[in-house]
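Every number in this text was worked out from the coordinates using simple rules, so none of it is lab data. What you are looking at is a predicted structure, and each value in this text was computed from that prediction instead of being measured. Ideal geometry is used to build each Cβ from the backbone, glycine not excepted, and the neighbour counts take in all protein chains shown.
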Amino acid sequence: MQQLSGRVAVVTGAASGIGLALARRFGEEGMKVVLSDVEEGALADAVKTLETEGHRVVGIACDVRSQQSVDDLRDAALRQFGAVHVVCNNAGVARAPGGGYMWEYDLNDWNWILSVNVMGVVHGLRSFVPVLLEQGEEGHIVNTSSGNGGLSPLRGLPIYAASKSAVTQISECLWGQLQALTDAVGVSVLYPGPKALDTGLWTAERNRPQELAWSKPREAQTVAGLREYMANAGVDLELTPLGEIADFVARGIREQRFWLIPDAENIDQTIRTRAESMIAREAPEYMIQARELVVGGMGGGETQE
């Protein structure tokens, strides 16, 4: 999909973080962009900012946990711009680290994260893939996964890791199924990084629905807190600029790349270590050796929507 100018992109989780960076990058490419987010105030601010920068954008509130809400997003995008060419299923949330072992977690933790991170992608595919196929034009889907789960899990964030592993597998199967039908609609799975990300994912609890609230509230981790933690460990926290991730995605769409994995030796080593453990049929000893630091982002870098 070489030509982006004049095309239409839909981005979930677009009020801040990676989603907003993607929307801005697409606007710079001359695309018309539909920003979607569950946080309506932040969404309005994001739309106003991009309009001020000269981009043609519209904001549509959407809760990706709901198929109907995503269907409404699709219908609004088509009413506004007449077509959709790029869909970024980017919305995601994460539970604050800590608070015991996974078998002690609230069921609400599992239900909330999986309903956004996994079913949000499923709902996006159900709503938009038929449109991309029926249009008979070039199209592309980008699903935001994470190194945590998509490549190898962090033991301290098992629900998030499970959700992002699912996004990776869904994306692989989607690519295979679309290849059997057409070469006009591409698929990419995004692993933001390679360094830590300063996004709304750290404070995603602000958008957690009351019916899925914690029974034992925990203090949300922040980038500032992580920076202090790592400084005490003698490590300087480095961040990946979100604009670089958006540039990476735009190039990946043009190049029809499936794996949008940053070029970094530590990432390659993570992949090798896990793969070698599986080939050798050995226990995942790397799970014990790994430092419990959320580096490279909890991976998603998304806001709740």
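Laid out as a table, the results:
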{"item": "Additional length obtainable on full extension of the chain from E238 to R281, 0.36 nm per residue less Cα span", "result": "12.0 nm"}
{"item": "Computed E for R274/A184 - FRET, C-beta separation, R0 45 angstrom, nearest 0.05", "result": "0.85"}
{"item": "Per-residue [θ]222 nm for the chain (sum of -39500 (n - 2.57) over DSSP H runs n ≥ 4, rounded to 500)", "result": "-14000 deg cm²/dmol"}
{"item": "Burial ranking of peptide ranges 109-117, 201-209 (average Cβ count within 10 Å, highest at the top)", "result": "109-117, 201-209"}
{"item": "Charge dipole (debye, nearest 20) of the stretch 194-239; +1 at Cβ of Lys and Arg, -1 at Cβ of Asp and Glu", "result": "160 debye"}
{"item": "As computed over the stretch 118-230, the Cα convex hull volume per residue (Å³)", "result": "134 Å³"}
{"item": "Potential extension, Q68-E51 segment - 0.36 nm per residue separation minus Cα distance", "result": "3.3 nm"}
{"item": "Relative contact order for the chain, counting Cα pairs under 8 Å that sit 6 or more residues apart, in percent", "result": "25 percent"}
{"item": "Environment charge at P209 (Cβ cut-off 9 Å; Lys +1, Arg +1, Asp -1, Glu -1)", "result": "0"}
{"item": "Share, in percent, of DSSP beta bridges within the chain that are antiparallel, nearest 5", "result": "0 percent"}
{"item": "Whole-Å distance, taken between Cα centres, linking the stretch 98-148 and the stretch 38-96", "result": "15 Å"}
{"item": "Degrees, to the nearest 10: 242-254 long Cα axis against longest axis of the chain", "result": "60 degrees"}
{"item": "Between helix 119-135 and the chain: long-axis angle, C-alpha atoms, 0 to 90°, nearest 10", "result": "30 degrees"}
{"item": "Net lengthening on full extension, Q2/S215 (0.36 nm per residue, minus Cα-Cα)", "result": "71.8 nm"}
{"item": "Lysine pair count for the stretch 8-289 [Cα-Cα under 29 Å; pairs on different chains or 8 or more apart]", "result": "4"}
{"item": "Farthest positive-ward along the stretch 8-289 dipole, Cα basis, beta-carbon charges - from T240, L107, Q177", "result": "L107"}
{"item": "Cα centre as origin, Lys/Arg/Asp/Glu Cβ charges: the stretch 66-169 dipole, Debye", "result": "260 debye"}
{"item": "Folded to 0 to 90 degrees: helix 265-279 orientation relative to the chain principal axis, Cα", "result": "70 degrees"}
{"item": "Size of the stretch 193-249 as Cα extents on the principal axes (Å, biggest first)", "result": "36, 34, 12"}
